[in-house]
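I have placed the structure first, in the form of structure tokens, so that the comments after it can refer back to it.
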Amino acid sequence: MKKSFFFSAFVLAAMSFAAAISPSASAQAPQPQPGPPASEPAGPPPPPRLWPKPTNLKVLPKDLDGQQVRDIMEGWEGQLGVHCDTCHTPDPTRKTPNGRPVLNYADDSKPEKNAARLMYRMLDDINTNYVSMIPNSGMGATCGTCHRGRLAPEPYVPTKEQHGPRRTPQK
């Protein structure tokens with residue numbers, strides 16, 4: 001709805017500009033059909049998607065509902081630069097409406113899923129036993145702290161300017 005409104009507004013502005021620079025252009029240009037006002041809604045929003053209750057939580061709290069787990073997973077996806085199928089296996093017997101296989105979220109056969117669990121435990125340990133011990137430490141570590149949107153984090157190599165010259169110990 002918004003795209004078509006903005007497209008219509010763009011076309012109208014372009015035609016007005018053409019009419020201003022060429023009087024004959026306005027006589028030949030088709031008149032745009034006005035669209036609905038921008039404030040008029042296109043209809044009720046779709047109902048929120050209901051995510052099923054998770055059945056195989058091993059490191060996340062077991063009292064989370066499907067939407068909460070989905071929100072956490074979407075955060076991890078962005079921080080790691082991956083998609084759901086990185087850790088979750090497709091179920092070849094079931095398809096989504098767009099033809100993609102439905103993922104079997106409970107299946108533990110992919111090594112990436114177990115690696116994610118291990119990394120989650122590591123982060124929890126770092127934040128609980130180290131970062132929290134530093135006064136005013138602020139935000140804890142996340143997947144993105146190291147991964148920065150990549151599945152395999154790049155090693156940090158300081159430049160000469162960042163490292164500075166080697167100093168010899170004073171005697």
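As a proxy for reagent exposure, ranking Asp125, Asp107, Asp63 by other Cβ atoms within 10 Å from fewest up yields Asp63, Asp125, Asp107. Over the range 66-147, what is the relative contact order in percent, taking alpha-carbon pairs closer than 8 angstrom and at least six residues apart? Across the range 66-147, relative contact order equals 26 percent.
From the square roots a ≥ b ≥ c of the eigenvalues of the alpha-carbon gyration tensor of the range 66-147, which class results: rounded (a/c under 1.5), prolate (a/b over b/c), or oblate?
It is prolate, given that a/c is not under 1.5 and a/b is the larger ratio.
Rounded to 0.05, the FRET efficiency of the Trp51 and Asn136 pair, given R0 = 22 Å and the Cβ-Cβ distance, is 0.05. Electrostatic tally near His147: other residues with Cβ closer than 12 Å to its Cβ, Lys and Arg +1, Asp and Glu -1, net 0.
Every read-out reported here was derived from the displayed coordinates using simple, explicitly stated rules and does not represent laboratory data. Please read these numbers as outputs of a predicted model, since none were measured by experiment. Because the Cβ atoms are built from the backbone with ideal geometry, glycine has one as well, and the counts that use them run over all protein chains shown.
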